[in-house]
Each structure stands twice: as structure tokens, then as C-alpha cells.
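Below is one structure, written out as C-alpha cells; comments come after it.
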Amino acid sequence: MTDKKWNIHEFRVPELALSGGGLLPAASLIYHQIGELNAPKDNLVLLPTYYGGAAQGNYPLVGGDSPLDPDRYCIVIPAMLGAGESSSPSNTRGVPGGGHFPAISLYDNIVLQKRLVDDRFGGASIALVMGWSMGGMQALQWASAFPGQVRSVVASCCTARCSPHNWLFLEGVKAALKADPGYQNGHYEKQPEAGLKAFARVYAGWAYSQAFFRNRDYELLGFGSVEELLRFWERDHLSQDANDLLTVLAAWQNADVSDTPLLERDFNGALGRITMPTRVLPCRTDLYFTVEDAFRETAAMPGARLEVIESDWGHVAGGPGRQPQVMSQLFRAMGEVLSEAGQN
């Protein structure tokens, strides 16, 4: 491993036609890159981002014991639209910004990411798409939408579409934020702090499992009480923009790999296109991306195998750098699918 550094780039298109029928003018995709594309253009790796996370949050997936060596792979982290780095309500001026920002789907993200791959990386063959949570949802969307370009997939703590109960959980945190009178239907002059705090407190109860709290596992994170953990979540969400959070949340609620012009909501048909080596890794105690949902979906993916993450940390367990034993499991899965795809 060399001392290669991450570089941050911007990819812009004059306008992005959105799956919902609108347009996003001057669409900006921020991406972090380490390593270089090889001559055959077959060593590209994509690591899409997760809900509430910046691109830097995926850095732990690279280096160390990871099979992703920047000396061998060109590794790109594309930041989700709406999340604060790429085009988002918080960084778009004029009418398209703030509360006027258009609805964005995960498919819109993948279409823009494909334009990046085709324009900046010469239509490279993608050795691996890997992600956690909404990053994993994007990985599965990539595999289904463009199976001829993706050679392997790892998706942790996610499903290929948002389940009804997952949708309901998100509806609850959304309602908590919007209940703040300062939210003003997205046209606020200052961040709705009470709403952001309420959003954080509700979300924290879902991000971990019952056993995480019963066994006081929060102490392993340096928190002396549940209240200390909740205050940490509040501080984290006060640093984020309310419209950004709700824009990406809507993409999550409406996520469905079959909701594309080609597939027209043929869900099993969409899953059937995932024939490349794929690992789906749900966590046993995830409260909203359940093992049961992941099992049903994986059974319809010809190239996929399901491996359960055994952890009391719930959804958080699969996050980059959260638990060493889970990271080892993810690294092993990444190495396996790369090998099965003929990359190792």
C-alpha cells in the first residue's frame, strides 16, 4: 500500500432529467477518488454514500485489511444528490434550492453516476459496487439497471426497495422534524433546531437494537448513558440541513430497483437481472432492513448469496468502521465477489 491520497472532484451536467418528470439544472456530482484507472479500464470500484453520511464516511472501506488497494483499484465515492455535497437544497441557489428542490430518486443518482463513469472514466467496467444502507440500495440499483457494466456487488444492511414498515419508520422521523413551526414547509431562514433534535431522538431508537440498549453497548462507544448518546445524535443532526435530510429521506422511502423506465415496476424481473457475484449482508437485529426482507429478495437474484451479520448493534453494525468483526466480514465478502468476478 502506497501513500496515495484521496482527491475530491466535481462532475457537472447542464441539466439532469429526473425520473419524476422534473429537471435539475446544473447538476453537480461531487466524488472522492483514490487510485487510477488502468489501461483495460476494468479496475473501477464505486462506493456510494449512505443516509446522513458524507463521502468521507466510506474511507474505512479502503486500505488496511480491505481488499480495496489503491495501488490496484481506482476507487470512487460518489456523494448522493441532496445530501449536502453534490447538488442539494442547501447548496443550490435560487428557485431550485431550499424548499423548492425537486424530488430525487435513487435511479436519478445512478443515472448521474453512470454519466460520470462514461464521461470521466471512459465507460469503464466496474469491478465492484459496494455500499451500506442507502449505499447498498444504490449498489443493487446499479446492478439491476446496468448489469452489463457491473461485475460484482456487496450490499450491507439494505434491501432493494423500501418495505412498508421501513417506510412507516421514516414517516415518523419526518413528521417529528416537520412538526417544528420553524420548519415553515421547507422555507425557513434558520434551521428548525427543535425539529432536528426530535428527528435525531426518534431515529436513534431505530438505528440500534433492543439488545444494544439492554446490554449497555453504548458504553463501548464512550457514552455513560442513553441520554448522552441522544445528545450526541442531536449535535450530529444540528450540523445538517433539514431540507437535505428530507430530500434524501424521500428517495429512501420511494426506493425500488424496478422503478425505472425499462423495468416499469417488475420487481422480480429487476432482481433477476442481478446475475453477477453478489453478497447481501443484513444484520440480524436491524429494525428496518430486516433479514426476512433481504432473504426474500436475495432468493430472486441469480448471482446473490445472503450472509447474516450477527451483531446487537442493529442497523449501525454494517456501517464503515463501526465494528471490527463486521468489517472483517465485509472485507471477506468483497474479496470473494471480486475473486468470483475474475478480478483477483
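The values are calculated or read from the model by the stated rules, or taken from the named source; none is laboratory data. What you see is a predicted model; the values in this text were computed from it and never measured. Cβ placement follows ideal geometry from the backbone for every residue including glycine, while neighbour counts extend to all protein chains displayed.
Out of all the residues in segment 264-322, which are in a loop (DSSP other than H, G, I, E, B) and at positive phi?
Across segment 264-322, the qualifying residues are Glu264, Arg265, Gly321.
Kindly indicate whether Gly53 is over 15 Å from Leu106 (Cα atoms), assigned to a loop (DSSP other than H, G, I, E, B) and within 14 Å of the chain's Cα centre (by Cα).
yes
Go through (1) surrounded by 18 or more Cβ atoms within 10 Å (Cβ to Cβ); (2) over 18 Å from the mean Cα position of the chain (by Cα) and name the single condition Gly22 misses.
Against the list (1) surrounded by 18 or more Cβ atoms within 10 Å (Cβ to Cβ); (2) over 18 Å from the mean Cα position of the chain (by Cα), Gly22 comes up short only on (1).
So which of Val76, Val62, Val13 is farther than 22 Å from Gly136 by Cα and not assigned by TED's automatic domain parsing to the domain that holds Ser239?
Among Val76, Val62, Val13, only Val13 is farther than 22 Å from Gly136 by Cα and not assigned by TED's automatic domain parsing to the domain that holds Ser239.
Would you check if there is a residue in segment 104-124 being out of contact with any Phe, Trp or Tyr (no Cβ under 7 Å at 6 or more places or on another chain), modelled with pLDDT of 95 or more, hydrophobic (A, V, I, L, M, F, W, C) and under 18 Å from Leu246 (Cα atoms)?
Yes - at least one qualifying residue is present in segment 104-124.
All but one of (1) more than 20 Å from the chain's Cα centre (by Cα); (2) free of Cβ contacts under 8 Å to residues at least 12 places away in the same chain hold for Arg322, so report the exception by its number.
Just one mismatch for Arg322, condition (1).
Residue-wise test of (1) touching a Cys at 6+ places or on another chain (Cβ under 7 Å); (2) over 20 Å from Leu249 (Cβ atoms); (3) of a type outside the set (Phe, Trp, Tyr).
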{"site": "Met130", "(1), (2), (3)": "no, yes, yes"}
{"site": "Gln138", "(1), (2), (3)": "no, no, yes"}
{"site": "Gln141", "(1), (2), (3)": "no, no, yes"}
{"site": "Ala145", "(1), (2), (3)": "no, yes, yes"}
{"site": "Arg161", "(1), (2), (3)": "no, no, yes"}
{"site": "His165", "(1), (2), (3)": "no, no, yes"}
{"site": "Phe169", "(1), (2), (3)": "no, no, no"}
{"site": "Leu177", "(1), (2), (3)": "no, no, yes"}
{"site": "Tyr183", "(1), (2), (3)": "no, no, no"}
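State all residues of segment 1-11 that are touching a Leu at 6+ places or on another chain (Cβ under 9 Å) and either among the polar types (S, T, N, Q) or surrounded by 14 or more Cβ atoms within 10 Å (Cβ to Cβ) (or both); if no residue qualifies, say none.
Phe11
Can you name every residue in segment 275-291 that is in contact with a Gly (Cβ under 7 Å, 6 or more places away or on another chain) and either over 12 Å from Ser163 (Cβ atoms) or not assigned by TED's automatic domain parsing to the domain that holds Met134 (or both)?
Step one: of segment 275-291, the residues in contact with a Gly (Cβ under 7 Å, 6 or more places away or on another chain) are 275-278, 281, 283, 285-287.
Selection gives Thr275, Met276, Pro277, Thr278, Leu281, Cys283, Thr285.
Yes or no, residue by residue, for (1) modelled with pLDDT of 95 or more; (2) in a loop (DSSP other than H, G, I, E, B); (3) in contact with a strand residue (DSSP E or B) (Cβ under 6 Å, 6 or more places away or on another chain):
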position	(1), (2), (3)
Phe11	yes, no, yes
Ala27	yes, no, yes
Ala39	yes, yes, no
Arg72	yes, yes, no
Val95	no, yes, no
Gly99	yes, no, no
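Look at Leu263 and say whether it is exposed (fewer than 15 other Cβ atoms within 10 Å of the Cβ) and either under 25 Å from Arg161 (Cα atoms) or without any contact (Cβ under 8 Å) to a residue 60 or more places away in the chain (or both).
When the stated conditions are applied, Leu263 does not pass them.
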